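Student: I'd like to ask some things about the structure below.
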Amino acid sequence: MIVEMKTGASKEEVAAVVEKARSLGLDVQLNLGTDKTVVALLGSNTGQIPTDIFAVLPGVESVTRIMKPYKLASREFKPGDSKVTCGDVEIGGKRIIVMAGPCAVENEKQLFDAAVAVRKAGARVLRGGAFKPRTSPFSFQGLRKAGLELLAKVRKETGMPVVTEVVEPKDVKLVSSYADLLQIGSRNMQNYALLTNAGRSSCPVVLKRGFSCTITEWLTAADYLLAEGNSVVLCERGIRTFEDSVRFSLDISAVPVLKKSSHLPVIVDPSHAAGHYSLVPAIAKAAVAAGADGLLIEVHPNPKEALVDGLQSLSPSDFTRLMKELKVVAESVGRYI
Ligand code: PEP
Ligand code: MN
């Protein structure tokens, strides 16, 4: 249930709503806007509580039941766009934020060369997996802590903030102590223990879409992170369909749908959707044209030698060319890179 306070409602009036909600056993999340306060009332029994109990209180403008299962991620709760910051990078503003780098951290030279190349081409955030959630237990699982240390070293050398994946709830603290942004991967979108722990991290979270999950399930998963007080960036990375000419079908319509139903920034990963480097540029450009706030792109200094996802990784020269093309697309939709 969402209680919208009148413009200029007093602190006491807001407090009375909060007190009433708590007395009914509800959890309360406050969104204190510059002129309007919106109060979200959360609990499994909200459906049984009459809205009039709140509507009659002084200073209340309206009370709306939210039938959607997600609340905190919804536009009803926060009408304005959210921006997520990490270092001097702001995701969700006019600037399109490109995050790029290898699928997995392999060694210092590979990571450093990738970082220098993507930074030169205009990427603002370095990506690289230290913990890799592999479909097969026999595939390379990542360098783990040693990979995190390399990310921190290269961040220091290049000044680029890093985004890296956390796979297990117990590793949230460790990964947060090295990362600037935590990535929760497609396979873990509904790992609620991981979401709750990551929600308590000091690093904002890039939440990738589960490849068999609906947008509603995705936003409801985002609520787990938001309920713990963290910030979230949503990342569309393709879903499983009957189509097998690409690795996953990028749901381009997810971008405008999310923009309509949620206040959270949205980025797109064209690499895991495409599965092939030759398809990445077109999908990336389509994502920016559709209104994405950023991109997450795999770039490897030598894709042919990559330990993971080499076929879908761009070479530094392909990435540089793409960045030039993206600039034109961004400008055509009133953004810049
Ligand atoms: C990744 O970004 O390296 C990754 C594993 O992506 P996803 O979780 O989308 O498969
Ligand atoms: Mn990958």
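The values are calculated or read from the model by the stated rules, or taken from the named source; none is laboratory data. Keep in mind it's a predicted model, so treat the numbers as computed, not measured. Cβ placement follows ideal geometry from the backbone for every residue including glycine, while neighbour counts extend to all protein chains displayed. Calculation scope for accessible area: heavy atoms of the full protein, side chains included, ligands and nucleic acids excluded. Shrake-Rupley method; radii C 1.70, N 1.55, O 1.52, S 1.80 Å.
Student: Specify the inter-centroid distance of the stretch 262-283 and the stretch 134-198, based on alpha-carbon positions, in whole Å.
Tutor: Distance between centres, Cα-based: 20 Å.
Student: Right, another one. What value, in deg cm²/dmol to 500, does the helix sum -39500 (n - 2.57) over DSSP H runs of n ≥ 4 give at 222 nm once divided by the residues of the chain?
Tutor: Details: 11 runs with 112 residues, N = 337.
For the chain, the value works out to -10000 deg cm²/dmol.
Student: Sticking with this one: Restricting the count to DSSP beta bridges whose residues both fall in the stretch 84-332, what percent are antiparallel, rounded to a multiple of 5? Before the final figure, lay out the partial values.
Tutor: On the way: 4 of 30 bridges.
Restricted to the stretch 84-332, the bridges split so that about 15 percent are antiparallel.
Student: Defining a contact as two alpha carbons under 8 Å apart and six or more residues distant in sequence, what relative contact order in percent does the chain show? Write down the numbers at each step before the final one.
Tutor: Numbers: 745 pairs, mean separation 54.9, N = 337.
Once divided by the residue count of the chain, the mean separation gives 16 percent.
Student: How large is the accessible surface per residue of the stretch 39-123, computed with a 1.4 Å probe and reported in Å² as a whole number?
Tutor: On the way: 3780 Å² over 85 residues.
With the other protein chains kept in place, the stretch 39-123 gives 44 Å² per residue.
Student: In debye to the nearest 20, how big a dipole does the chain give about its Cα centre with +1 on each Lys and Arg Cβ and -1 on each Asp and Glu Cβ? Kindly include the intermediate steps, with their values, before the conclusion.
Tutor: On the way: 42 positive and 36 negative charges, 85 e Å.
Dipole about the Cα centre, nearest 20: 400 debye.
Student: Of Leu126, Thr216, Leu264, which is farthest towards the positive pole of the chain's charge dipole, taken about the Cα centre with +1 and -1 on the beta-carbons of Lys, Arg and Asp, Glu respectively?
Tutor: Of Leu126, Thr216, Leu264, it is Leu126.
Student: For the cross-link pairs Lys208/Lys285; Lys156/Lys327; Lys68/Lys208; Lys109/Lys170; Lys68/Lys259, which exceed 22 Å when the distance is taken from alpha carbon to alpha carbon? It would help to have the intermediate numbers written out before the result.
Tutor: Working: Lys208/Lys285 19 Å; Lys156/Lys327 27 Å; Lys68/Lys208 20 Å; Lys109/Lys170 29 Å; Lys68/Lys259 16 Å.
Flagged as over cut-off: Lys156/Lys327; Lys109/Lys170.
Student: Rounded to the nearest 0.05, what FRET efficiency do Glu157 and Arg321 give with R0 = 35 Å and r taken as the Cβ-Cβ distance? Could you check?
Tutor: Working: r = 25 Å, r/R0 = 0.72.
Efficiency, rounded to the nearest 0.05: 0.90.
Student: Can you tell me which of 252-261, 154-163 comes out highest on packing, and rank the rest after it, using the mean Cβ neighbours within 10 Å?
Tutor: By packing density, highest mean first, the sequence is 154-163, 252-261.
Student: Using the basic label-point model (7 angstrom from Cα toward the beta carbon), what is the Ala286 to Leu311 distance in nanometres?
Tutor: If labels sit at Ala286 and Leu311, their model points lie 1.9 nm apart.
Student: Please report, as a whole percent, how much of the solvent-accessible surface of the stretch 2-64 comes from carbon and sulfur atoms (probe radius 1.4 Å).
Tutor: Numbers: 1730 of 3530 Å².
It is 49 percent, rounded to a whole number.
Student: Another question, if that's okay. Run the reach check for Lys132 against aspartates and glutamates, Cα to Cα strictly under 18 Å, same-chain hits fewer than 8 apart removed. What comes back?
Tutor: Partners within reach: Glu106, Glu108, Glu149, Glu165, Glu168, Asp171, Asp180, Asp269, Glu298, Glu305, Asp309.
Student: Here's a follow-up. When Lys and Arg each count +1 and Asp and Glu each count -1, what net charge do the other residues less than 10 Å away from Leu126, Cβ to Cβ, add up to? Please list the in-between numbers first.
Tutor: Details: positive: Arg119, Arg124, Arg127, Arg155; negative: Asp180.
Surrounding charge for Leu126 is +3.
Student: What does the accessible area per residue of the stretch 231-337 come to in Å², with a 1.4 Å probe and no ligands, DNA or RNA counted? Kindly include the intermediate steps, with their values, before the conclusion.
Tutor: Details: 4280 Å² over 107 residues.
The answer is 40 Å² per residue.
Student: Which far-off residues, 5 or more places away or on another chain, put their amide H under 5 Å from the one on Val299, with H placed in the peptide plane?
Tutor: When sequence neighbours closer than 5 places are left aside, the close amide H contacts are Gly101, Cys103, Leu314.
Student: While we're looking at this one, here's another question. First measure r as the distance between the Cβ atoms of Glu90 and Asp52, then evaluate 1/(1 + (r/R0)^6) with R0 = 35 Å and state the FRET efficiency to the nearest 0.05. Each step should come with its number before you reach the end.
Tutor: Numbers: r = 41 Å, r/R0 = 1.17.
According to the calculation, E is roughly 0.30.
Student: So what's the net charge close to Lys20: Lys and Arg +1, Asp and Glu -1, counting the other residues with Cβ under 12 Å from its Cβ?
Tutor: Numbers: positive: Arg22; negative: Glu13, Glu19, Asp52.
Residues near Lys20 contribute -2 overall.
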